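Taken together, the values in this text are just the output of simple stated rules run on the coordinates, not laboratory data. This is a predicted model, so every value here is computed, not measured. Glycine gets a Cβ as well: all are built from the backbone with ideal geometry, and neighbour counts include every protein chain shown.
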Amino acid sequence: MTPDILAALEQAKQNKRPVVLATRLPSGEQRLLPDPDAPADLNEAATRALDRDESGTVKLGDTDWFLHAYNPPLRLIVVGAVHIAQALVPFAVPCGFSVTVVDPRRSFASDERFPDTVISTDWPDEALDKFAPDSRTAVVTLTHDPKLDDPALDRALKSQAFYIGALGSRRTHAARLNRLRELGHQDDALSRIRGPVGLNIEAVTAPEIALSIIAEIVAVRRNAPLPSKPAP
Amino acid sequence: MSLSEDILSTAAAWRAAGEQVAIATVTETWGSSPRPAGSQMAVTKSGRMAGSVSGGCIEGAVADAAMQTIESGTPQLLDFGVSHEKAWEVGLACGGKVKVFVERLN
């Protein structure tokens, strides 16, 4: 790999621009795609690789190309800078998530409690409007406080977020769904919220609950079959 | 060492620090191979390693090939199949097959 290619690739990653590194096999010549100067079929194959978020080898004419898809990181928005959030961040980062912790309560959302983590002290609905969750974003609410969780869930439901989870017992969750219904959300939309949050591994401690949450997020991202949550 | 999947950044940092580095990338898989296409491993001439291209079965052989590529500068496309036929041949116990591209970070 030449220094130019490496620098261009690092630049694209830094700018969160999706790119494909195409390597001709077995000779090893490389180029970044999409590129207006590249053949149309190569650009199309690169776009498909990015859409599917899947790297692989394609044969175009007589040439084998390895297309390495570099999409910007998945995003996780954690609402509530609570103890479980402190445990969740170190699981989420190595799983490929760029994490933002949202909590207007500055005593919770401190750099000391969340070192090396992006923190927003905006009100959750404003924070979510800013971050604009897309289909590569997961949103988890952990505050247990309707004043903070509800506005975040309202915005998450209006977004394409691939995962929405809300901490709280079944009873809490039922009450929460009623409040969100009053905001105009229909039942089919509300069914997107995973609550009680996390896979059922009988988690007790904060790290165990965080593990159950990240496991559920990964399961949804990878289309694993999941049992439906018990009706509230 | 970082546990993240961003092996290329690790490799680039090693290169910037003056190490001689090769990168191995899974380019194609068949059957039950443990790591998907795009999985990477970085190897330095001094013996540092990051990432993986299998469940651990072929990393040793890939590291040997990486050393050759660091010396020669010539990329290699390695083909690993199942190992059960000849016990001494490096392969994948799981029965999968993978191709691994090895290149020098210049």
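Quick check on chain A: what does the Kirkwood estimate of hydrodynamic radius come out to from the alpha carbon pairs, in Å? This gives a value of 19.4 Å. In this structure, the amide hydrogen of B:Leu78, modeled 1.01 Å from its nitrogen in the peptide plane, lies closer than 5 angstrom to those of B:Val100, B:Phe101, B:Val102, counting only residues at least 5 positions away or on a different chain. The phi torsions of the range A:13-20, fed into the Karplus equation with coefficients 6.51, -1.76 and 1.60 and a -60° offset, translate into couplings of 5, 5, 7, 6, 9, x, 9, 10 Hz, rounded to whole numbers, with Gly and Pro shown as x. Here the relative contact order of the range B:7-105, from alpha carbon pairs under 8 Å that lie six or more residues apart, stands at 33 percent.
According to the calculation over all Cα-Cα pairs in the range A:3-70, the P(r) per 5 Å bin from zero is 3, 19, 30, 28, 15, 4, 0 %.
Starting from the Cα of B:Lys97, draw a straight line to each of the aspartates and glutamates and keep only those under 17 Å, dropping any in the same chain fewer than 8 residues away. Partners within reach: B:Glu28, B:Glu59, B:Asp79, B:Glu85, B:Glu89. Averaged over the residues of A:190-198, the number of partner chain Cβ atoms lying within 10 Å of the residue Cβ comes to 0.
Enumerate the lysines that A:Lys16 could reach by cross-link, defined here as Cα to Cα under 27 Å, with residues fewer than 8 away along the same chain left out. Result set, ordered by chain and number: A:Lys130, A:Lys158. Derived scalar couplings between HN and Hα for the range A:72-78 equal x, x, 4, 10, 10, 9, 9 Hz in order, rounded to whole Hz, by the Karplus curve 6.51 cos²θ - 1.76 cosθ + 1.60 (θ = phi - 60°), x for Gly and Pro. Working ranking of peptides B:7-16, A:186-195 by packing, defined as the average number of other Cβ atoms within 10 Å per residue, highest first, is B:7-16, A:186-195. For chain A, the share of DSSP beta bridges that are antiparallel, to the nearest 5, is 45%. The range A:47-120 and the range A:146-193 have Cα centres separated by 23 Å. Per-residue Karplus couplings for the range A:28-36, computed as 6.51 cos²θ - 1.76 cosθ + 1.60 with θ equal to phi - 60°, are listed in order as x, 5, 10, 8, 9, 10, x, 8, x Hz, Gly and Pro entered as x.
Here the sum of -39500 (n - 2.57) over DSSP H runs of 4 or more residues, divided by the residues of the protein assembly as shown, equals -10000 deg cm²/dmol at 222 nm, to the nearest 500. Short-range pairs are left out: with C-alpha atoms under 8 Å and at least six residues apart, the relative contact order of the range A:72-167 is 30 percent. Take each residue in A:87-95, count the other chain C-beta atoms within 10 Å of its C-beta, and the mean is 1.
The C-alpha atoms of the range B:7-105 occupy a region whose extents along the principal axes are 41, 23, 19 Å, arranged from largest to smallest.
Ratio of Rg to Rh for the range A:108-228: 0.94 [Cα atoms; Kirkwood radius as inverse mean 1/r over pairs].
Need the list of aspartates and glutamates near A:Lys13 for cross-linking: C-alpha distance under 17 angstrom, and skip anything on the same chain fewer than eight residues off. Those aspartates and glutamates meeting the cut-off are A:Asp4, A:Asp35, A:Asp51, A:Asp53, A:Glu54, B:Glu5, B:Asp6. The residues neighbouring A:Leu183, those whose beta-carbon lies less than 12 Å from its own, together hold a net charge of +1 under the Lys/Arg +1, Asp/Glu -1 convention. Taking amide H atoms as placed 1.01 Å from N in the peptide plane, the amide H of A:Leu76 lies under 5 Å from those of A:Ser98, A:Val99, A:Thr100, A:Ala138, each 5 or more residues away in sequence or on another chain. Farthest towards the positive end of the charge dipole of the protein assembly as shown, among the residues A:Leu32, A:Thr57, A:His144, is the Cα of A:His144, using unit charges on the Cβ of Lys, Arg, Asp and Glu. By the Kirkwood approach, averaging reciprocal distances over each pair of separate Cα atoms, the range A:74-120 gets a hydrodynamic radius of 10.3 Å.
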